[in-house]
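**Q** The structure follows.
The values are calculated or read from the model by the stated rules, or taken from the named source; none is laboratory data. The structure displayed is predicted, hence computed values, not measured ones. FYI the Cβ positions are ideal-geometry reconstructions off the backbone, even for glycines, and counts take in every protein chain you see.
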Amino acid sequence: MLEIRNLCATADHKTILKGINLKVGIGEVHAIMGPNGSGKSTLAQVLAGHPSYAVTDGEVRYEGQDLLALAPEERAREGVFLAFQYPLEIAGVSNAYFLRTGLNEIRKHKGLEELDAMEFLGLLKEKMKLLEMEPSMKSRSVNEGFSGGEKKRNEILQMAIMDPKLAIMDETDSGLDIDAMKIVAKAVNKFRSPDNAVIVVTHYQRLLNYITPDFVHVLFDGRIVRSGGKELALELEEKGYDWIKEEAGTLREARV
Amino acid sequence: MTRIPIEANPYIENFDILEKTEFAKDPPWFRSLRKAAISHFAEKGFPTTREEEWRFTSVSSIATASFKPVPANRKDLFASGKIEPFLFGLKECARLVFVNGLYCEMLSQMPPRLPSRVRVENLARVLEESPDLVEGHLARYAPYGNNGFSALNTAFIRDGAYVFLPRGAEIEGFVHLLFVGDRNEALANVRNLIVAERGSRVAIVESFVSLEDSAHFTNTVTEIQVAGDASVDHYKIQNESSRAFHIGTTEVNVGKDSRFSSFSLSAGSRLARNNLNVCLDAPGGECALYGLYLLSGSQHIDNHTMITHAKPYCNSREFYKGIVDEKSRAVFNGRVVVVKDAQKTDARQTNKNLLLSDAAHVNAKPQLEIFADDVKCTHGATVGQLDEEALFYFKSRGIGEGAARALITYGFAKEVVARVPVEPIRLHLDRLVLRKLKQEGKGGEEM
């Protein structure tokens, strides 16, 4: 579904991604872990098309297309979804209207009928229940006055409604207490299917107790330095990231 | 700006004629008020950009044009369907319609019954039939000395609305005052007087609109007295043609334990200036002023507000937002004065501006003048462009650039519109905002 080859990206002329290689197959869940500043969030944002990053090398194939050639909104319509690490607050636009506008853009692209306000409301209610969200949150302005945890839940609500093919979750677990994390994980597990794929970007292993990944990758200094099964996450939890840094350091010296 | 020589001033010449004819039948107190006002104008003339209060707004285009009052005998009769878009779809609301500043009975309507002693009528009729009702009120809260436009307005008082609520009275729904301009060069000199006695409640909507794309000039003054324990909600919707000129002054006096709220939407006219002055004149008074200005093309809209905390224990809230596009220019000047003994004042002011083009311009000036020491006062003004991060958030949800910009912009305005508690007014404003932001066809539901 997704193939990243030698992806290099900069922000403000600073190189952040230094050659990422990653293959994500349909029906798979990949976890990308790594210490702060390793480039995890940059990778997520580059895949979604954030304008602050410039891709300097490499390519990304998504469903046979050149993903990097698509505008952010086209990526979304093609089924790429990014759950933001820091969701934005949008004054004066209700959560329901925002979601319906986005969903209908995606449906139009797929050649489906747009949902009217009533049809959409049914879908919204069902998904909000799944995420145990207050009904009032649908009419409130997008993320405005939401707590950190509510914002993250709102991201997963959007994911559940847009039903993407490739969902990228950027540090969704940060700011979530254990109960909220279980709710989010339940929604993600319900979303998982043989027809889609999920990339979970996280610093900590704890979310992976609830969302079991098929593959775990460790990102350090803009490169994937290690890949493995779900046990790799447990190893990181136990030993921290220092040994990865040391290993990577040795590698770099060897390369020099 | 050059000052026009007084002897050549058409307004003064015109006054001299009217003074001997139409105005000759006025009671003596009124005649001397007119005369005092015109001499004030003769002395001061129109404001110039040399004056601090008019630094950013030149009115030379008004001063040098020749706007004339429409002859009093002209009956503006046209199909009532023409004003339908400016109404709120309400059958029984009290409505006074003025065309080029003069009352049009045919287009006006009254609910089946108003509470006893409540009066909602046109000022010309009151001045003719029972001028003693307004003596002592007229020009009491809106002194003609404030600026040349108020002086002119007072000298030429002809018509406008008179709304009176006796003790404890309440008008259901709201009173709609609709001012229509439909002729080039027409001067609509509108004067409204609203008196809410102790314990009364009323909501008043003033809408200013144009038929056709006419270049007319509205010079309007509204004075409002909110007596003790009373409540007045005032709405001003200014959406005149892009060739029109609008100078409006609203002067409000708020009594003990009373509340006043104002909502102002300025979207129309080539040049508009709104002066809104509220005096919290007794303890326990409060006011909330909300404003929204939407500019495009080469419009110039200036909102000057002043809240005077004249007595202790009063609250004021002010929240004005502006969306400034293309080559337009907006001015916001929010002055809050807390006099020496007005302790325990609580005043908060916010002004936010969104610039949508590189050629758009905003002058935002919050002004706090505090002479008391035990007060809570805050103010803040921001000028910014559309947030790129927010745009990306929309795009990442499949929403394209154009729609994303429109939605974020609309949301910015919506934050003010959403504060309007009366649903038909809120929906009307919502549609107006969408139209102005060129988002037609998306209304009909609240976003």
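**Q** Considering only residues of region B:102-122 that are surrounded by 13 or more Cβ atoms within 10 Å (Cβ to Cβ), closer than 20 Å to B:G81 by Cβ and not hydrophobic (A, V, I, L, M, F, W, C), which is nearest to the chain's Cα centre (by Cα)?
**A** Only one residue fits best here, namely B:Y103.
**Q** Being closer than 20 Å to B:A347 by Cα, assigned to a strand (DSSP E or B), at pLDDT 95 or above and not charged (D, E, K, R), is that true of even one residue in region B:236-247?
**A** The initial filter retains those residues of region B:236-247 that are closer than 20 Å to B:A347 by Cα, namely none.
There is no residue in region B:236-247 that is closer than 20 Å to B:A347 by Cα, assigned to a strand (DSSP E or B), at pLDDT 95 or above and not charged (D, E, K, R).
**Q** If you don't mind, another one. So how many residues does region A:49-90 have that are away from chain B (no Cβ under 14 Å) and in a loop (DSSP other than H, G, I, E, B)?
**A** Pass one, region A:49-90, residues away from chain B (no Cβ under 14 Å): A:54-66, A:68-69.
From what is left, the residues that are in a loop (DSSP other than H, G, I, E, B) are A:63-64.
The number of residues fulfilling the criteria is 2.
**Q** Sticking with this one: I'm trying to understand the selection: among the residues of region A:102-119, which are under 17 Å from A:I156 (Cα atoms) and not aliphatic (A, V, I, L, M)?
**A** Scanning region A:102-119 gives a single hit, A:G102.
**Q** Does B:S116 fit the bill of being of a type in the set (G, A, S), without any contact (Cβ under 8 Å) to a residue 60 or more places away in the chain and closer than 21 Å to B:A244 by Cα?
**A** Numbers: of a type in the set (G, A, S): yes; without any contact (Cβ under 8 Å) to a residue 60 or more places away in the chain: yes; closer than 21 Å to B:A244 by Cα: no.
No; evaluated as a whole, the condition is false for this residue.
**Q** Quick check on A:Y53: is it hydroxyl-bearing (S, T, Y) and within 30 Å of B:A418 (Cα to Cα)? Give the steps one after another, and end with the answer.
**A** On the way: hydroxyl-bearing (S, T, Y): yes; within 30 Å of B:A418 (Cα to Cα): no.
Spelling it out, it is not the case that A:Y53 is hydroxyl-bearing (S, T, Y) and within 30 Å of B:A418 (Cα to Cα).
**Q** Something else: With modelled with pLDDT under 90 and acidic (D, E) as the only criterion, which of B:E440, B:E401, B:E415, B:E423 stands out?
**A** Result of the check over B:E440, B:E401, B:E415, B:E423: B:E440.
**Q** From A:E144, A:E155, A:E150, grab the single residue that is within 14 Å of another protein chain (Cβ to nearest Cβ), in a helix (DSSP H, G or I) and out of contact with any His (no Cβ under 7 Å at 6 or more places or on another chain).
**A** Numbers: A:E144 fails: in a helix (DSSP H, G or I); A:E150 fails: within 14 Å of another protein chain (Cβ to nearest Cβ).
None of the other options fit; the residue is A:E155.
**Q** Could you say which residue among B:A24, B:A8, B:A37 is modelled with pLDDT under 90 and small (G, A, S)?
**A** B:A8
**Q** May I ask you to verify whether B:Y313 is surrounded by fewer than 20 Cβ atoms within 10 Å (Cβ to Cβ) and in contact (Cβ under 8 Å) with a residue 12 or more places away in the chain?
**A** On the way: surrounded by fewer than 20 Cβ atoms within 10 Å (Cβ to Cβ): yes; in contact (Cβ under 8 Å) with a residue 12 or more places away in the chain: yes.
The answer is yes for B:Y313.
**Q** Between a residue in region B:51-72 that is within 15 Å of B:N363 (Cβ to Cβ) and any residue that is charged (D, E, K, R) and buried (at least 18 other Cβ atoms within 10 Å of the Cβ), which pairs come within a Cβ distance under 6 Å, given they are 6 or more apart or on different chains?
**A** Partner pairs satisfying both residue conditions: B:T57/B:R273; B:T57/B:D302.
**Q** Let me ask something else. Look through region B:340-399, keep the residues that are within 14 Å of chain A (Cβ to nearest Cβ) and surrounded by fewer than 16 Cβ atoms within 10 Å (Cβ to Cβ), and return whichever of them is nearest to A:A48 (Cα to Cα).
**A** My answer is B:E389.
**Q** Among (1) in the same structural domain as B:R435 (by TED's automatic domain parsing); (2) without any contact (Cβ under 8 Å) to a residue 60 or more places away in the chain, there is one condition B:I370 misses while meeting the rest; what is its number?
**A** Answer for B:I370: the failing condition is (1).
**Q** Oh, and also: Looking at B:A215, B:A196, B:A161, which one is under 30 Å from B:D16 (Cα atoms), more than 17 Å from the chain's Cα centre (by Cα) and hydrophobic (A, V, I, L, M, F, W, C)?
**A** Result: B:A215 is the single residue among B:A215, B:A196, B:A161 that is under 30 Å from B:D16 (Cα atoms), more than 17 Å from the chain's Cα centre (by Cα) and hydrophobic (A, V, I, L, M, F, W, C).
Okay, residues lined up against (1) touching a Leu at 6+ places or on another chain (Cβ under 7 Å); (2) surrounded by fewer than 24 Cβ atoms within 10 Å (Cβ to Cβ):
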{"site": "B:V254", "(1), (2)": "yes, no"}
{"site": "B:S269", "(1), (2)": "no, no"}
{"site": "B:A272", "(1), (2)": "no, no"}
{"site": "B:L276", "(1), (2)": "yes, no"}
{"site": "B:Y290", "(1), (2)": "no, yes"}
{"site": "B:Y293", "(1), (2)": "no, no"}
{"site": "B:S296", "(1), (2)": "no, yes"}
{"site": "B:R335", "(1), (2)": "no, yes"}
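**Q** Assess whether B:G285 counts as being crowded, with 22+ Cβ neighbours inside 10 Å and more than 23 Å from B:A151 (Cβ to Cβ).
**A** Numbers: crowded, with 22+ Cβ neighbours inside 10 Å: yes; more than 23 Å from B:A151 (Cβ to Cβ): yes.
Considered against the rule, which asks whether it is crowded, with 22+ Cβ neighbours inside 10 Å and more than 23 Å from B:A151 (Cβ to Cβ), B:G285 comes out as yes.
**Q** Which is farther than 16 Å from B:F263 by Cβ and among the aliphatic types (A, V, I, L, M), of B:V190, B:V205, B:V232?
**A** On the way: B:V205 fails: farther than 16 Å from B:F263 by Cβ; B:V232 fails: farther than 16 Å from B:F263 by Cβ.
After ruling out the rest, the residue left standing is B:V190.
**Q** Which one is nearest to the chain's Cα centre (by Cα), of the residues in region B:262-320 that are in a strand (DSSP E or B) and of a type in the set (K, R)? Reasoning before the result, please.
**A** Filtering region B:262-320 down to residues in a strand (DSSP E or B) leaves B:262-266, B:271-280, B:286-295, B:300-309, B:315-320.
Applying the additional criterion that residues be of a type in the set (K, R) yields B:273, B:317.
Working: B:R273: 9, B:R317: 18 Å.
The residue in question is B:R273.
**Q** Additional query: Looking at B:I323, is it under 27 Å from the mean Cα position of the chain (by Cα) and assigned to a helix (DSSP H, G or I)? Steps first, answer last, please.
**A** On the way: under 27 Å from the mean Cα position of the chain (by Cα): yes; assigned to a helix (DSSP H, G or I): no.
Taking the combined requirement at face value, the residue does not satisfy it.
**Q** Of all residues in region B:315-340, how many are of a type in the set (K, R) and touching a strand residue (DSSP E or B) at 6+ places or on another chain (Cβ under 6 Å)?
**A** 4
**Q** Checking B:F412 against (1) facing chain A (nearest Cβ under 8 Å); (2) crowded, with 18+ Cβ neighbours inside 10 Å; (3) out of contact with any Lys or Arg (no Cβ under 7 Å at 6 or more places or on another chain); (4) not acidic (D, E), which single condition isn't satisfied?
**A** In the conditions (1) facing chain A (nearest Cβ under 8 Å); (2) crowded, with 18+ Cβ neighbours inside 10 Å; (3) out of contact with any Lys or Arg (no Cβ under 7 Å at 6 or more places or on another chain); (4) not acidic (D, E), B:F412 misses (3) alone.
**Q** Only one of these conditions is not met by A:G102: (1) surrounded by fewer than 19 Cβ atoms within 10 Å (Cβ to Cβ); (2) facing chain B (nearest Cβ under 8 Å). Which number is it?
**A** The one condition A:G102 does not meet is (1).
Per-residue answers, yes or no, for (1) more than 18 Å from B:F30 (Cβ to Cβ); (2) β-branched (V, I, T); (3) in a helix (DSSP H, G or I):
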residue	(1), (2), (3)
B:I83	yes, yes, yes
B:P112	yes, no, no
B:D132	no, no, yes
B:A139	no, no, no
B:L178	yes, no, no
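**Q** Working only within region A:22-40, note down all residues that are surrounded by fewer than 21 Cβ atoms within 10 Å (Cβ to Cβ) and at pLDDT below 95.
**A** Listed by number, the residues that qualify are A:P35, A:N36, A:G37.
**Q** Check off (1) in a helix (DSSP H, G or I); (2) β-branched (V, I, T); (3) more than 14 Å from chain B (Cβ to nearest Cβ) for A:V46 and give me the number that stays unchecked.
**A** Exception for A:V46: condition (3).
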